Each structure stands twice: as C-alpha cells, then as structure tokens.
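What follows is a set of notes on a single structure, which appears directly below.
The values are calculated or read from the model by the stated rules, or taken from the named source; none is laboratory data. In this text, all values refer to a predicted model and were calculated from it rather than measured experimentally. Reconstructed Cβ throughout: ideal geometry from the backbone, glycine too, with neighbour counts over all protein chains shown. Calculation scope for accessible area: heavy atoms of the full protein, side chains included, ligands and nucleic acids excluded. Shrake-Rupley method; radii C 1.70, N 1.55, O 1.52, S 1.80 Å.
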Amino acid sequence: ATSLYQLIRIQAEPLPDNRLDITFVLDPKPRIAQLAIVGNQEVSTRRILKEIRTKVGGPVDESALHFDVLAIKEYYYKRGFSNCEVCYEISTDESLGQANVCFKIDEGNKTRIQSITFCGHEPCKRSFSNSIIVDSFAILL
C-alpha cells in the first residue's frame with residue numbers, strides 16, 4: 001500500500017486526559033496519464049509496451065521505471081542492438097495529480113558479424129568450419 005504514496009506524515013496533537021490525536025497525512029503518487037515511447041524505429045511501440053510493467057493509470061514508481069528501462073534494453077540486446085540506450089522522463093502536474101512518462105530510446109546500430117576467424121594449431125577443413133560451426137552459430141542468433 002505504501003507504493004501508492006510518495007509521502008506519509010504522522011502528526012500528533014496532545015489532548016486532555018493524557019490522550020493523543022494522531023493524524024496520518026498521505027500524499028499519493030501521481031497517476032500516469034500518458035505513456036510515450038520515442039526514438040524507436042526498429043521495434044514497434046506496441047511491442048515495447050508489452051515488455052514493460054508501467055501502465056497508464058498506475059502510480060509513478062521510479063523503481064518500476066528503472067526495471068522497465070532494463071527490460072527494454074534487454075529486448076533490444078537480444079535483437080542485436082548491443083549499444084541501445086534507454087532513459088525516461090517524468091513530467092508531473094501536481095494540481096491534477098497526474099504525470100506523463102516518456103521512454104527515450106537511442107537504438108544505436110545493429111551489431112552484425114562480418115567474419116569469423118578460427119585460430120589454433122590444428123588445421124581444420126574450411127568446409128567443416130563454414131557448414132557446421134558458422135551455421136550453428138547463426139542458429140544461436
């Protein structure tokens with residue numbers, strides 16, 4: 001329940017007869033009104049939204065946003081974008097209790113393997129390295 005609040009204050013006021021009037025003041029976290037993804041060209045916004053936990057209508061949670069950044073980076077990395085950079089920005093309207101979250105993506109270049117060189121003291125046939133090892137490696141990608 002505390003993940004829904006950004007600040008919880010407790011105020012105590014003494015009353016007669018050794019009693020206390022305790023008041024809990026809860027400042028709720030702003031709700032996400034808009035969720036945007038910018039900078040993505042190779043992966044659709046719809047696909048990226050499936051990878052993250054943050055949703056419109058939910059509370060702004062910095063911890064969840066951090067994990068969302070990691071999830072987006074991992075998705076890109078698995079698709080060959082090893083230099084992908086992801087960050088987020090939050091713009092909050094305190095009067096409405098709402099925030100807009102924007103994930104900014106710099107996809108970088110897709111990593112491509114241009115050649116594979118086998119080194120060692122045992123000579124191997126070229127057809128063996130091309131047909132078995134290289135094809136096996138391609139399956140892993």
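Laid out as a table, the results:
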read-out	value
Proximal lysines relative to LYS104, as straight alpha-carbon distance under 25 Å, when same-chain residues fewer than 8 apart are discounted	LYS29, LYS50, LYS55, LYS73, LYS78
Packing rank of 51-63, 104-116, where each peptide gets the mean count of other beta carbons within 10 Å, highest leading	51-63, 104-116
Ordering of 28-37, 92-101 by packing [mean C-beta count within 10 Å, highest first]	28-37, 92-101
Of all accessible heavy-atom area on segment 1-127, the percent that carbon and sulfur account for (1.4 Å)	49 percent
Nearest-20 debye value, segment 1-79 charge dipole, Cβ charges on Lys, Arg, Asp, Glu	620 debye
